[in-house]
């Protein structure tokens, strides 16, 4: 199991304590499927989550009809059950992706349909099956099946150097050939060229992370150290952010259709934002702070000095094996939080995240942006990223989220004030 699967079960731990409707149920089912080791390691789990939630949205929307579909609006579904249609679509997508889990999926479907007479299920099954088939067909040749290839650069100043024991090993090198869910390509929102090594901007970022991200930093506060640890594991971090999507959807009393749309928008933006920053990383091939600081005597910048013994707060094994610019964590968090602020038409919605007893327990956030900024800053405090990388990642995430929100799953009519969702009836 690779690092992007190691903590994926956390995707549903926040939602598991909530009232589990059909959207949260099947999100949990997919999380458990990944935990069971059924997911191919060379494919980002975000792909499966996006397929799942977009299919549930199209099925639910085929019943309600309030929004423009992602792929298909199944005719004749207006009097069906939103929940049942979404359940059949979820089952169809996951059974197609993970045929080895069919027995478990069948049981989950039976529980989802409990109380619905058999003679009424045909219409729901028809909608779900058509939607699931359309989704599986749409993503059948999307590029994710391409194996990873070795990635290595000459050891020149600025070039990323991979893990010492495994030269050439890098994760998700196939990402540039993948079909996005919303964008036209992985370079649509490609971050600008990173600053030159000889520039003042580069020197300021290097000296900042050199001081605050050091294992022995005397200026990093206790809360900043905790912040670095809170967001040190990428898949667990992503899961916590999706937990905010789940918890706010319950707290705000969203309907099944509204919740399916919020999840679909968030995970679609998340996938495409990660694709954007991964593409940036393999386009520019920039080195990590650890290498940059230890070899600062090679950067031709009089404002930096080398420290061959420098070590980051987060150990090298906690740094994902791929180039550094731009920051994936910053992009992912910015994409999800921007979708939330657009959907609810406010950024100032207080919420909490339970980070667990070993990491301070429940932590409150006054706004969605405060969460995105904490995640971005955590990568500097941990010594994993430069500030210019987190800024570029955040900008990419916001750009992708705005594009997703304003071009996909749009209301057919006026929005209900304060929700970003269509007026009903």
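Can you find even one residue in the stretch 194-217 that is assigned to a helix (DSSP H, G or I) and farther than 29 Å from residue 302 by Cα? Among the residues of the stretch 194-217, not one is assigned to a helix (DSSP H, G or I) and farther than 29 Å from residue 302 by Cα, which makes the answer no. The condition of being assigned by TED's automatic domain parsing to the domain that holds residue 175, over 22 Å from residue 87 (Cβ atoms), modelled with pLDDT of 95 or more and not in a loop (DSSP other than H, G, I, E, B) holds for only one of 273, 239, 246, 266, that being 273.
In the stretch 283-293, is there at least one residue being in contact with a helix residue (DSSP H, G or I) (Cβ under 9 Å, 6 or more places away or on another chain), within 28 Å of residue 405 (Cβ to Cβ) and part of a helix (DSSP H, G or I)? There is at least one residue in the stretch 283-293 that is in contact with a helix residue (DSSP H, G or I) (Cβ under 9 Å, 6 or more places away or on another chain), within 28 Å of residue 405 (Cβ to Cβ) and part of a helix (DSSP H, G or I). Which residues, counting only those in the stretch 150-180, are under 15 Å from residue 279 (Cα atoms) and either in contact with a helix residue (DSSP H, G or I) (Cβ under 7 Å, 6 or more places away or on another chain) or buried (at least 18 other Cβ atoms within 10 Å of the Cβ) (or both)? Hits for the stretch 150-180 are 151, 160, 170, 171, 172, 173, 174, 175, 176, 178, 180. Of all the criteria given as (1) at pLDDT below 95; (2) crowded, with 24+ Cβ neighbours inside 10 Å, the one not satisfied by residue 325 is (1).
Among the residues of the stretch 375-385, are any surrounded by 20 or more Cβ atoms within 10 Å (Cβ to Cβ), out of contact with any strand residue (DSSP E or B) (no Cβ under 8 Å at 6 or more places or on another chain) and assigned to a loop (DSSP other than H, G, I, E, B)? Checked the stretch 375-385: at least one residue is surrounded by 20 or more Cβ atoms within 10 Å (Cβ to Cβ), out of contact with any strand residue (DSSP E or B) (no Cβ under 8 Å at 6 or more places or on another chain) and assigned to a loop (DSSP other than H, G, I, E, B).
The conditions of being surrounded by fewer than 23 Cβ atoms within 10 Å (Cβ to Cβ) and either without any contact (Cβ under 8 Å) to a residue 12 or more places away in the chain or assigned to a strand (DSSP E or B) (or both) are not met by residue 413. Annotation note: of 103, 86, the sole residue that is part of a helix (DSSP H, G or I) and either free of Cβ contacts under 8 Å to residues at least 40 places away in the same chain or over 14 Å from residue 131 (Cβ atoms) (or both) is 103. Annotation: residue 240 fulfils all but one of (1) in contact with a helix residue (DSSP H, G or I) (Cβ under 6 Å, 6 or more places away or on another chain); (2) crowded, with 22+ Cβ neighbours inside 10 Å; the unmet one is (1).
The values are calculated or read from the model by the stated rules, or taken from the named source; none is laboratory data. All values derive from a computational prediction rather than experimental measurement. When we count neighbours, we look across all protein chains shown, and the Cβ atoms used for this are built from the backbone with ideal geometry, even at glycine.
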